[in-house]
1. Would you please give the residues with an amide H less than 5 Å from that of V42, counting only those at least 5 places away or on a separate chain, with H modeled from the backbone geometry?
2. Loop only per DSSP, at most 16 neighbouring Cβ atoms within 10 Å: give me the GluC sites (Glu not before Pro) in region 46-125, ordered by residue number.
3. Strictly over 30 Å apart at the Cα level, which of K52/K170; K106/K170; K52/K171; K50/K107; K50/K95; K37/K152 would you flag in this model?
4. Taking +1 at the Cβ of each Lys and Arg and -1 at the Cβ of each Asp and Glu, which of A93, S83, W32 sits farthest along the dipole of region 28-107 towards its positive end, judged by Cα position relative to the Cα centre?
Amino acid sequence: MMNYRIIKLKHFLFFGTMAILISCRKDNKGCWQAFDKGGADVQGLIICNKTKAEAEAMRPEYWFYKEGETKYCWQIQTPNRTSYAWGIPESMATKMSEQSGYVFTKKDCNSFCSCEWYEKHKSKITGQFGATLLVQEYLLSADTCSKLSVGKVVVVRETTDSLITRELAKKNP
């Protein structure tokens, strides 16, 4: 009978302590990462020891999410085009979808990449280059993405009098 009371007392103390510890975090104070409404983290702007509402009141031009929230890659369908994004928490994708009406669909981050290329046009006759263009595209092939690295040069087109190449300037993810 005595052992039963001791066990019951231990359970009471354990669960009572847990309840007190859990209730201490019910104030929802923590650290909040600022998020630009255009779709990216505001680097270096993390507000701690405040509730989400307090953080939003301090910086109403931004949205906030709990620091450390898992980030995902997304396909974003707008009325005119499909684009891709990475490193966006689900709470922010939901908020952007509600605000814009765009459709956000989770994607495997390894299934696509975004590339920025410098496109160069060279005259074979004079050896001179024309204006360099910046071209951005999404590649939806994990195999192709894995083989590209910044600095890679590919021939896009070659004619009798010109050579058009692209040099990879930036690749994400």
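1. Distant-sequence amide H within range of V42: A34, F35, D36.
2. E61, E67, E69
3. K52/K170; K52/K171; K50/K107; K37/K152
4. With unit charges placed on the Cβ atoms, the residue in question is S83.
Every number in this text was worked out from the coordinates using simple rules, so none of it is lab data. For clarity, every value in this text was computed on a predicted model and none was experimentally measured. Every residue, glycine among them, receives a Cβ derived from its backbone with ideal geometry; neighbour counts consider all protein chains shown.
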